[in-house]
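Presented below is the structure to which this report refers.
The values are calculated or read from the model by the stated rules, or taken from the named source; none is laboratory data. Given the structure is predicted, the values throughout are model-derived calculations rather than measurements. Quick reminder, even Gly has a Cβ in these numbers, built from the backbone with ideal geometry, and neighbours come from all protein chains shown.
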Amino acid sequence: MIRVRGLSKRYPGGTVALDGVDLDIAAGELVALIGPSGAGKSTLLRCLNGFVTPTAGEVQIGGATVSGATGEGLRLIRAGIGFVFQQFNLQRRLSVLENVLIGGLARTPRLRSLLGLFPATDLARARAALARVGLSGLEARRVDTLSGGQQQRVAIARVLVQEPRVILADEPMASLDPTLSETVLALLQRISEEDGITVVTSLHVLDLARRYGRRVIGLRGGRVAYDGSSEGLTEAAARRIFADAAA
Amino acid sequence: MGRAHWVGWAGILGLFLWSAAATELSASRLLEGVPYMLDFLRRMVPPDLSVLPHALTGALQTFQIAVVGTGIAALLALPISFAAARNVAPPWLFYGARSVLNVFRAVDTLVYALFFVAAVGLGPFPGVLSVVAYTATVLAKLYSEAIEAIERGPVEAVEAAGATRLQALRWGVLPQLVPQFLSFTLYRLETNIRAAAILGFVGAGGIGFYIQTYLRMLNYPAASTVLLVLIVLVMAVDFASSRLRARLV
């Protein structure tokens with residue numbers, strides 16, 4: 001489903017965020033991406049949906065080449081990739097339902113979407129997504145009246161409306177307390193299992209990565225330092241990923 | 001810190017005392033004035049309600065001047081604000097627009113009224129023009145600050161869902177701007193009611209004409225009726241507007 005070859009990214013300032021990353025992720029896999037801050041986790045995820053243009057290398061998702069895609073081509077690829085953000089990135093003043101409808105914009109007839117006249121099918125899909133994340137009944141609430149955990153679930157419902165083949169999550173629980181983090185991760189895990197959606201999520205808590213990712217990819221200095229099962233991620237292997245990260 | 005700190009405070013105190021002396025600040029003169037103030041207030045009661053129709057006509061016109069002036073100002077401010085937003089406009093346009101705004105904002109509504117009365121004659125129309133001139137610059141500044149504060153994240157989320165540029169503008173940018181723009185505009189409407197109330201002093205229409213006329217005629221009961229109507233108008237608009245603004249932001 002996801003194929004990455006020789007992916008490198010050097011930012012204009014000279015910082016090398018990714019340095020020759022090769023990855024193959026199969027359909028339906030749930031992968032935890034770990035590594036110290038600055039290891040390139042965000043850059044990798046943002047290369048996968050075309051937010052960041054790589055300096056070298058190639059990214060393919062579902063056979064479509066993301067790297068180098070622009071305009072309409074990139075837009076259609078993105079429609080099939082859900083992205084969950086650390087800061088939720090919701091429209092705080094809009095209702096829960098409107099925020100979820102944003103996920104389906106690529107399919108909504110253009111003019112109707114600009115006027116805010118969403119077709120019944122869109123509304124039904126948005127309500128179903130909200131039911132799935134356990135937020136039925138909150139459709140009309142303004143997003144800024146919800147708790148952080150509820151807001152992240154709205155963001156996940158927004159992604160579900162896309163009916164994506166891949167969900168990318170960039171530290172989806174870093175703004176949440178530990179209990180809520182579990183809820184959000186369990187939700188992503190369930191979605192991955194039930195719908196066969198490929199999920200790649202970066203996590204800064206090693207323990208959570210062990211429990212929720214069957215496969216763990218460790219990044220260090222923009223390179224893949226570990227790629228294997230969560231059981232195989234020994235203390236020694238973890239130390240190699242995080243070594244001198246504090247320095 | 002220490003020494004420069006005290007020099008700074010001494011400077012502020014010096015400036016204040018210098019200005020106080022120049023403005024003839026005097027407690028004794030204020031006390032001497034108290035009987036006259038009480039006399040003034042005593043003459044204002046009871047209000048002469050026979051002039052109520054005049055007061056209401058004037059209040060309505062003041063309200064209309066503020067509404068039309070604020071409305072046109074909002075429309076003018078919209079394009080200017082994008083030119084005056086650092087994150088949207090190229091530097092030459094940004095600095096140009098900001099300088100023009102600062103120059104026009106330096107002059108208040110009443111001064112514009114003197115200018116427009118001379119230019120287009122007496123009545124509410126020069127009043128509208130002067131409200132437009134000042135309010136457009138203030139709103140453009142406020143709008144541009146809202147544009148500069150746009151959060152990238154929610155826009156990015158819309159783009160991540162495969163939305164078109166127009167959809168990203170509609171669902172990523174506008175929800176952040178429209179409530180703020182409306183809120184600023186309502187707030188200016190409130191302040192413009194007060195500004196428009198004194199435009200009549202210089203012949204630019206509205207309730208100020210009646211206040212000034214009755215005071216000149218020493219008809220204090222009539223003036224107090226007009227003032228009461230003005231107070232009710234200002235409070236009503238403030239109340240309605242702040243209720244609306246609370247729901248927006």
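For segment A:2-17, filtering for residues that are within 18 Å of the chain's Cα centre (by Cα) and more than 21 Å from residue A:84 (Cα to Cα) leaves 0. Candidates B:189, B:177: the one that is in contact with a helix residue (DSSP H, G or I) (Cβ under 8 Å, 6 or more places away or on another chain) and either crowded, with 19+ Cβ neighbours inside 10 Å or facing chain A (nearest Cβ under 7 Å) (or both) is B:189. Residue count for segment A:138-167 under the criterion of being modelled with pLDDT of 95 or more and among the small types (Gly, Ala, Ser): the result is 3. Residue check: is residue B:43 closer than 16 Å to residue B:145 by Cβ, assigned to a helix (DSSP H, G or I) and of a type in the set (Lys, Arg)? For residue B:43, the condition - closer than 16 Å to residue B:145 by Cβ, assigned to a helix (DSSP H, G or I) and of a type in the set (Lys, Arg) - is not met.
Applying a threshold of 7 Å to beta carbon distances and a minimum spacing of six or more residues, or different chains, the list of pairs starting in segment B:198-209 at a residue that is closer than 13 Å to residue B:123 by Cβ and ending at one that is in a loop (DSSP other than H, G, I, E, B) reads B:199/B:205; B:199/B:206; B:200/B:206; B:200/B:207; B:203/B:122; B:205/B:123; B:208/B:198.
Just name the residue that is surrounded by the most Cβ atoms within 10 Å (Cβ to Cβ) out of those in segment A:174-192 that are touching a residue at least 60 places away in the same chain (Cβ under 8 Å) and under 23 Å from residue A:233 (Cα atoms). Filtering segment A:174-192 for residues that are touching a residue at least 60 places away in the same chain (Cβ under 8 Å) and under 23 Å from residue A:233 (Cα atoms), the one surrounded by the most Cβ atoms within 10 Å (Cβ to Cβ) comes out as A:188. Taking the listed residues A:112, A:46, A:125, the one that is surrounded by fewer than 19 Cβ atoms within 10 Å (Cβ to Cβ), more than 9 Å from chain B (Cβ to nearest Cβ), among the charged types (D, E, K, R) and assigned to a helix (DSSP H, G or I) is A:112, with no other qualifying.
Kindly indicate which of B:144, B:183, B:130 is among the hydroxyl-bearing types (Ser, Thr, Tyr), within 14 Å of another protein chain (Cβ to nearest Cβ), assigned to a helix (DSSP H, G or I) and in contact (Cβ under 8 Å) with a residue 24 or more places away in the chain. B:183 is the lone residue from the list that is among the hydroxyl-bearing types (Ser, Thr, Tyr), within 14 Å of another protein chain (Cβ to nearest Cβ), assigned to a helix (DSSP H, G or I) and in contact (Cβ under 8 Å) with a residue 24 or more places away in the chain. Only one entry in A:107, A:153 is over 23 Å from residue A:59 (Cβ atoms), outside any helix (DSSP H, G or I) and either at the interface with chain B (Cβ under 9 Å from one of its Cβ atoms) or not small (Gly, Ala, Ser) (or both), namely A:107. Each residue in segment A:176-214 was checked for being part of a helix (DSSP H, G or I) and closer than 27 Å to residue A:80 by Cβ, and 17 of them qualify. The set of residues in segment A:81-116 that are closer than 14 Å to residue B:161 by Cβ and of a type in the set (S, T, N, Q) comprises A:89, A:91, A:99, A:108, A:113.
Take the conditions (1) touching a Phe, Trp or Tyr at 6+ places or on another chain (Cβ under 8 Å); (2) away from chain B (no Cβ under 14 Å); residue A:159 misses just one of them, which is (2).
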